[in-house]
Amino acid sequence: MNICVVGVGYVGLVTGTCFAEFGLNVTCVDNDPKKIDMLLGGKVPIFEPGLEELVAKNTREGRLHFTTELDKGVANALVVFIAVGTPQGDDGAADLHYVWDVAQAIGQNMQDYKVVVTKSTVPVGTGKKVAEIIQRSQKRPIPFDVVSNPEFLREGSAIEDFMRPNRVVVGAASEQAKAIMKDLYAPLYLIETPFVITDVETAEMIKYASNAFLATKISFINEMANICELVGADVQVVAKGMGLDRRIGPKFLHAGPGYGGSCFPKDTEAIAHLAKENDYRFQIVEAVMEVNRRQRLVMADKVIKALGGQVAGKVIACLGLTFKPNTDDMREAPSLVILPTLMEMGATIRAYDPAGMEAAAPMLPGVEMRKNSYDAVEGADAMILMTEWNQFRNLDLARIKGLMRQPVICDLRNVYQPERLREAGFTYFSVGRR
Ligand code: UDX
């Protein structure tokens, strides 16, 4: 089967490559010639473990192709995925003009029946509008179906999430489209992946509901952490105790500086906006967003308190800048609020991140980027553990202590064992623990 994926951003490239790995013949299209040239040259424009190898393998074996010519990609494909960006507009709603443009181009270029799939996260009702645009753009009436097939890929484990998903969600109106979608995902039947087959609107809603709920878990545990600190309880053990209840589950109960990235902040805004447009206030999600914003300031406060109430003239080392480990993505990273807050109060920041420094430098003017963890902590009055990269879990503590001016650690991800750090001579602060 031939498929076409429009948009070689994060979602599009992972989707196209993994479908090629499933044995399908995939053409990835993007209107940015630089990105396509890079991919044709065997380079992957995003940071995702394992992706470059998989792109190279499938290109070599002739199943994965890249082009800027949408008409060619569409002409040969039975299924066309729309995986272009849906940035957040000024009003909090998703900006869908890239999706509309692609829908129009598909309509103009199709010669026979197609299944057009929205993969980008789009507000409920987008599928219907895509169908209207395609119909209007066609030169003559040709049958087609519009399907919603939301992605649930996490950055850093996107390939694993695609190959072994918890579930596949397909929203479609016709039996023909549902059958074609099932064929695409045939390899997942072998591993007994559950499929949720529903209508387009419900599929679109599942994506928002899932992300808003996960964001809710994070804000919930972050508020629990703040309360734990007040009453002398340990949030890690509270989360463990809660998580063992199967109705709650252990995941996404890790307290820290709040969620970031390209999905949760945007999707919570978008679902709150969608509710408002329909004269409904989604109060839980509004509170989740507010708690997430406040949590960054709670963290900045923690650092200030750790340094005795003022940071003017102090040197602070920051390990990790990205919104989570195994990515170079700085979008909505907590560091973008916490570090400028400390700098405004007169602190000097020296930072190290294994993959994010190039992206971070222009977003964090004034932060000195260092070449490794030890270089960053040299002469520092405090060290912040901002992102839980594995390489920060096993630092040489004696060496760190020897390099710092004052052995103060603010562990915003609860990576270290409090007793061990105190035994090693550090003044240690973490999140929601004594
Ligand atoms: C997320 C969803 O998991 C994925 O299904 C969706 O398709 C896209 O958005 P991603 O943004 O890549 O994926 O990252 P994820 O691993 O889910 O983490 C999101 C944020 O939440 C990170 O900032 C992380 O640090 C934070 N987080 C996560 C917590 O603070 N605590 C937790 O317990 C879990």
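The values are calculated or read from the model by the stated rules, or taken from the named source; none is laboratory data. Remember, it's a predicted structure, so these values are computed and weren't measured experimentally. Every residue, glycine as well, gets a Cβ built from its backbone with ideal geometry; the counts of neighbours run over all protein chains shown. Ligands, DNA and RNA are excluded from the accessible area calculation, which covers all protein heavy atoms including side chains. Shrake-Rupley method; radii C 1.70, N 1.55, O 1.52, S 1.80 Å.
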Open item on the list: Against the condition open to solvent by 70 Å² or more (accessible area, probe 1.4 Å), over 18 Å from K207 (Cα atoms) and away from the ligand (no atom under 14 Å from the Cβ), how does D101 come out, does it pass?
Closed with: yes
TODO: Select, from E223, E229, E201, the only residue that is over 30 Å from G356 (Cβ atoms) and more than 21 Å from the chain's Cα centre (by Cα).
DONE: E201
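Being more than 11 Å from the ligand (Cβ to nearest atom) and over 30 Å from S174 (Cβ atoms) is the requirement here; does D234 meet it? Steps first, answer last, please.
On the way: more than 11 Å from the ligand (Cβ to nearest atom): yes; over 30 Å from S174 (Cβ atoms): yes.
For D234, the condition - more than 11 Å from the ligand (Cβ to nearest atom) and over 30 Å from S174 (Cβ atoms) - is met.
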Task: Leading residue by the ranking (modelled with the lowest pLDDT) among those in the stretch 64-87 that are in contact with a strand residue (DSSP E or B) (Cβ under 8 Å, 6 or more places away or on another chain), assigned to a loop (DSSP other than H, G, I, E, B) and surrounded by fewer than 19 Cβ atoms within 10 Å (Cβ to Cβ) - done: P87
Open item on the list: Condition check: surrounded by 15 or more Cβ atoms within 10 Å (Cβ to Cβ), outside any loop (DSSP other than H, G, I, E, B), under 21 Å from the mean Cα position of the chain (by Cα) and of a type in the set (S, T, Y). Does T17 satisfy that?
Closed with: yes
TODO: Kindly check whether there is at least one residue in the stretch 55-63 that is assigned to a loop (DSSP other than H, G, I, E, B), farther than 15 Å from T17 by Cα and either touching a residue at least 40 places away in the same chain (Cβ under 8 Å) or open to solvent by 30 Å² or more (accessible area, probe 1.4 Å) (or both).
DONE: no
Open item on the list: Could you tell me how many of the residues in the stretch 251-289 are within 16 Å of the ligand (Cβ to nearest atom), open to solvent by 50 Å² or more (accessible area, probe 1.4 Å) and at negative phi?
Closed with: 3
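May I ask you to verify whether Q310 is more than 19 Å from the chain's Cα centre (by Cα) and polar (S, T, N, Q)?
Answer is yes for this residue.
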Open item on the list: Given the criteria within 26 Å of the chain's Cα centre (by Cα), surrounded by fewer than 16 Cβ atoms within 10 Å (Cβ to Cβ), under 29 Å from F22 (Cβ atoms) and not acidic (D, E), does G50 qualify?
Closed with: yes
Open item on the list: Please determine whether any residue of the stretch 176-193 is within 24 Å of the chain's Cα centre (by Cα), among the β-branched types (V, I, T), part of a loop (DSSP other than H, G, I, E, B) and more than 16 Å from the ligand (Cβ to nearest atom).
Closed with: no
Task: Elements of type strands (runs of 3 or more DSSP E) contained in the stretch 347-413, each with 1 or more residues being of a type in the set (F, W, Y) - done: 348-352
TODO: Check the stretch 65-75 and report whether any residue there is under 26 Å from the mean Cα position of the chain (by Cα) and of a type outside the set (S, T, N, Q).
DONE: yes
Open item on the list: Tell me whether the stretch 356-367 contains one or more residues that are open to solvent by 40 Å² or more (accessible area, probe 1.4 Å) and closer than 22 Å to R420 by Cα.
Closed with: no
Task: Enumeration of residues in the stretch 152-195 that are open to solvent by 30 Å² or more (accessible area, probe 1.4 Å), out of contact with any helix residue (DSSP H, G or I) (no Cβ under 7 Å at 6 or more places or on another chain) and closer than 16 Å to L13 by Cα - done: S157, E160
Task: V99 being of a type in the set (V, I, T) and not in a loop (DSSP other than H, G, I, E, B) - done: yes
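Of the residues D112, D90, which single one is more than 16 Å from the ligand (Cβ to nearest atom), closer than 26 Å to F264 by Cβ, open to solvent by 20 Å² or more (accessible area, probe 1.4 Å) and outside any helix (DSSP H, G or I)?
Values: D112 fails: closer than 26 Å to F264 by Cβ.
Sole residue among the options that is more than 16 Å from the ligand (Cβ to nearest atom), closer than 26 Å to F264 by Cβ, open to solvent by 20 Å² or more (accessible area, probe 1.4 Å) and outside any helix (DSSP H, G or I): D90.
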Open item on the list: Suppose we keep only residues that are closer than 23 Å to G16 by Cβ and part of a helix (DSSP H, G or I) within the stretch 118-130. Which one would you say is farthest from the ligand (Cβ to nearest atom)?
Closed with: V130
- [ ] Determine whether the stretch 427-434 contains at least one residue that is within 21 Å of G258 (Cβ to Cβ) and either of a type in the set (A, V, I, L, M) or open to solvent by 40 Å² or more (accessible area, probe 1.4 Å) (or both).
- [x] yes
